[in-house]
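See below for the structure under consideration.
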Amino acid sequence: MSIQKNIAQHIAQQGYCIVDDALPADISESLHQYVTALPEHVFKDMGIGRGDSFRLDKSYRRDKSCWLTGEHPAEQAYLAWMEDLRLEVNKQLFMGLFDYEAHFAHYAPKSFYKRHLDTFKGQANRNNRQLTTVYYLNPNWQAEDGGELLMYADEKSTEAFKRITPKMNRLVVFLSDEFPHEVLAANRDRYSIAGWFRLKA
Ligand code: OGA
Ligand code: MN
């Protein structure tokens with residue numbers, strides 16, 4: 001069975017999935033080389049909300065990011081892999097996922113992202129995000145490096161049910177409006193690709 005098929009099954013059963021060694025190692029390595037070689041100025045501060053409610057709040061999130069353009073072959077391979085996942089999820093869950101947007105994220109040491117949902121239930125927004133992916137690009141990540149992703153079962157939970165180390169080639173996929181999550185501060189540079197499958201505009 002393909003990894004994408006397996007992920008779709010897990011999403012159907014439990015709403016989330018954590019996969020190690022998700023992509024072929026050469027793609028993972030190539031993405032890592034690419035993202036760590038990008039000049040710092042291409043990474044932009046991320047805000048909160050869209051349109052009129054957009055704001056920058058450094059006490060809430062400190063990651064910086066840069067949208068994937070698909071110009072580099074490693075980005076193309078990554079996006080092609082995600083396209084297979086989109087088709088598989090639509091086949092198994094009838095979610096009607098239409099497109100995918102993704103950015104490279106850089107958390108400099110001490111950067112974090114406080115507890116949040118990637119979208120809100122019932123939001124009739126044409127950019128509504130349905131399914132979140134987070135893909136990590138950090139070789140030799142150690143427990144003392146911090147930077148874990150904490151996942152909460154629902155909005156009422158105060159205890160995380162998953163504590164996920166951002167290790168190289170690990171992929172986390174979850175329903176965007178189901179799982180509040182947060183990124184703890186790390187002690188070294190932390191790189192990832194965060195992406196969202198969306199409905200048709
Ligand atoms: C996000 C996010 C999690 C992570 O970008 O919305 O929650 O582990 N990222 O980087
Ligand atoms: Mn998030």
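Can you confirm whether GLU88 is in a helix (DSSP H, G or I), open to solvent by 40 Å² or more (accessible area, probe 1.4 Å) and not polar (S, T, N, Q)? In short, no. Determine, yes or no, whether PRO166 is surrounded by fewer than 18 Cβ atoms within 10 Å (Cβ to Cβ) and under 16 Å from VAL35 (Cβ atoms). Answer is no for this residue. Screening SER111, SER2 for residues that are on the phi < 0 side of the Ramachandran plot and buried (at least 19 other Cβ atoms within 10 Å of the Cβ) leaves exactly one candidate, SER111.
LEU137 meets all of the listed conditions (1) within 12 Å of the chain's Cα centre (by Cα); (2) farther than 20 Å from GLU29 by Cα but one, namely (2). Checked against (1) modelled with pLDDT under 95; (2) away from ligand 2 (no atom under 15 Å from the Cβ); (3) within 11 Å of the chain's Cα centre (by Cα), ARG126 passes all but condition (3). Pairs are defined by a Cβ separation below 8 Å, a sequence spacing of at least 6 or placement on different chains, a first member in region 162-179 that is among the aromatic types (Phe, Trp, Tyr), and a second member that is open to solvent by 40 Å² or more (accessible area, probe 1.4 Å) and away from ligand 1 (no atom under 11 Å from the Cβ); the pairs so defined are PHE179/ALA153; PHE179/ASP154. Taking the listed residues PHE98, PHE94, PHE104, the one that is within 16 Å of ligand 1 (Cβ to nearest atom) and hydrophobic (A, V, I, L, M, F, W, C) is PHE104, with no other qualifying.
For TYR191, the requirement of being open to solvent by 10 Å² or more (accessible area, probe 1.4 Å), aromatic (Phe, Trp, Tyr), touching a helix residue (DSSP H, G or I) at 6+ places or on another chain (Cβ under 8 Å) and within 14 Å of ligand 1 (Cβ to nearest atom) is met. Just one of the listed residues (LEU175, LEU199) is more than 24 Å from LYS64 (Cβ to Cβ), touching a helix residue (DSSP H, G or I) at 6+ places or on another chain (Cβ under 8 Å) and hydrophobic (A, V, I, L, M, F, W, C), namely LEU175.
Of all the numbered requirements in (1) assigned to a loop (DSSP other than H, G, I, E, B); (2) small (Gly, Ala, Ser); (3) in contact with a strand residue (DSSP E or B) (Cβ under 9 Å, 6 or more places away or on another chain), ALA102 misses one, and that requirement is (1). Within region 30-83, if we keep just the residues that are of a type in the set (Gly, Ala, Ser), in a loop (DSSP other than H, G, I, E, B) and out of contact with any helix residue (DSSP H, G or I) (no Cβ under 8 Å at 6 or more places or on another chain), the residue that is modelled with the highest pLDDT turns out to be SER59.
The values are calculated or read from the model by the stated rules, or taken from the named source; none is laboratory data. The structure presented is a predicted model; accordingly, all values stated were derived computationally and were not measured. Ideal geometry is used to build each Cβ from the backbone, glycine not excepted, and the neighbour counts take in all protein chains shown. For accessibility, only protein heavy atoms count, side chains too; no ligands or nucleic acids. Shrake-Rupley method; radii C 1.70, N 1.55, O 1.52, S 1.80 Å.
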